[in-house]
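The values are calculated or read from the model by the stated rules, or taken from the named source; none is laboratory data. Please read all numbers here as calculations on a predicted model, not as lab measurements. Neighbour counts run over all protein chains shown; Cβ positions are idealised from the backbone, glycine included. The accessibility values were calculated without ligands, DNA or RNA, using every heavy atom of the protein model including side chains. Shrake-Rupley method; radii C 1.70, N 1.55, O 1.52, S 1.80 Å.
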Amino acid sequence: MVPFSLFCAFSKARVPAKGVEHERITSALLKELRTSLAPHKDKVLQSIYFGGGTPSLAQPRNIAQIIEAANSLVPLASDAEITLESNPTSAEVGKMRDFKQAGVTRYSIGIQTLDDRTLARMGRLHTGAEGLAA
């Protein structure tokens, strides 16, 4: 899980007063990646999935670092699918071009409903219209 969520009901992480420490989190993820992929150097990565914890709140440069590190440890297939979960808020949708430049090839946009009243009761930060526009 990429711990950037503003909504996640099961996340117990607290965002420090100074904000999300993107570089620190990315460094920890890169360390974990090196450990996890070391035994698989003879394989080819078919996909990378950035999900859980709203990874679209990460910085595109950090997602690029993670993709590049994975590729340097285990080669990415030329047609590898790199997915990033996102909420349909305008701020996150606005970053999609930057994530594409970082290497993301597919988005999974979390639209639970298009009914504004239900979205409000669920505590979601987007409207039905934003969901459709995303």
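Would segment 75-92 turn up any residue that is under 12 Å from the mean Cα position of the chain (by Cα), assigned to a helix (DSSP H, G or I) and farther than 24 Å from Pro39 by Cβ? Spell out how you get there, then give the answer.
Filtering segment 75-92 for residues under 12 Å from the mean Cα position of the chain (by Cα) gives 82-87, 92.
Subsequent filtering for residues that are assigned to a helix (DSSP H, G or I) retains 92.
Among the residues that remain, those that are also farther than 24 Å from Pro39 by Cβ are: 92.
For segment 75-92, residues under 12 Å from the mean Cα position of the chain (by Cα), assigned to a helix (DSSP H, G or I) and farther than 24 Å from Pro39 by Cβ: present.
For segment 93-107, give me each residue that is under 30 Å from Asp42 (Cβ atoms) and either modelled with pLDDT under 75 or touching a Gly at 6+ places or on another chain (Cβ under 7 Å) (or both).
none
Read through the list (1) part of a helix (DSSP H, G or I); (2) without any contact (Cβ under 8 Å) to a residue 24 or more places away in the chain; (3) open to solvent by less than 80 Å² (accessible area, probe 1.4 Å), then give the number of the only condition that Ala70 fails.
Against the list (1) part of a helix (DSSP H, G or I); (2) without any contact (Cβ under 8 Å) to a residue 24 or more places away in the chain; (3) open to solvent by less than 80 Å² (accessible area, probe 1.4 Å), Ala70 comes up short only on (2).
Only residues that are assigned to a helix (DSSP H, G or I), open to solvent by less than 30 Å² (accessible area, probe 1.4 Å) and within 17 Å of Gly94 (Cβ to Cβ): list them for segment 16-61, please.
Within segment 16-61, Pro55, Ser56, Pro60 meet the criteria.
Only one of these is at pLDDT 90 or above and hydroxyl-bearing (Ser, Thr, Tyr): Ser47, Ser11. Name it.
Values: Ser11 fails: at pLDDT 90 or above.
Result of the check over Ser47, Ser11: Ser47.
Being open to solvent by 70 Å² or more (accessible area, probe 1.4 Å), under 23 Å from His22 (Cβ atoms) and modelled with pLDDT of 95 or more is the requirement here; does Ser90 meet it? Before you say what the answer is, go through the steps one by one.
Values: open to solvent by 70 Å² or more (accessible area, probe 1.4 Å): yes; under 23 Å from His22 (Cβ atoms): yes; modelled with pLDDT of 95 or more: no.
For Ser90, the condition - open to solvent by 70 Å² or more (accessible area, probe 1.4 Å), under 23 Å from His22 (Cβ atoms) and modelled with pLDDT of 95 or more - is not met.
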